[in-house]
Amino acid sequence: MLRIDVITITFCSIGTAVDETRMANKQQQTSAREWFTAGEAAQYLKVGRRTILLWTRQGKVKGFALSGTKRRLWRYRPADLDAALR
């Protein structure tokens with residue numbers, strides 16, 4: 001799917017408009033993500049990956065294990081990560 005955003009630029013430099021567009025795209029991607037990997041969840045909470053996995057085992061963070069794999073692969077929802085901080 002190709003997505004094109006139209007931005008009106010008034011009295012600002014091209015560099016500033018590009019930076020604002022990149023920031024807006026990054027925020028949309030983060031908010032549009034339904035599931036994070038353990039590494040992405042760690043970046044989201046600004047902690048280490050091993051810390052997220054430890055908190056998951058301790059029940060401090062709600063994680064979902066993927067089935068059909070020999071190793072435990074975890075996925076996290078942003079809403080659950082936000083709830084763990086409260």
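The values are calculated or read from the model by the stated rules, or taken from the named source; none is laboratory data. Small disclaimer: the values here were computed from a predicted structure and weren't measured. All Cβ positions, glycine included, derive from the backbone under ideal geometry; neighbour counts span all protein chains shown.
Only residues that are in a strand (DSSP E or B) and either among the small types (Gly, Ala, Ser) or under 14 Å from the mean Cα position of the chain (by Cα) (or both) were counted across region 29-71, and they come to 3. In region 52-67, the residues that are closer than 19 Å to Asp82 by Cβ and modelled with pLDDT of 95 or more form Cβ pairs under 7 Å with partners that are among the acidic types (Asp, Glu) and in a helix (DSSP H, G or I), at six or more places apart or across chains, as follows: Val61/Asp80; Lys62/Asp80. When the test is whether a residue is modelled with pLDDT under 85 and among the hydrophobic types (A, V, I, L, M, F, W, C), Ile9 passes it. If you go through region 34-78 and keep only what is surrounded by 14 or more Cβ atoms within 10 Å (Cβ to Cβ) and basic (Lys, Arg), you end up with Arg49, Lys62, Arg75, Arg77.
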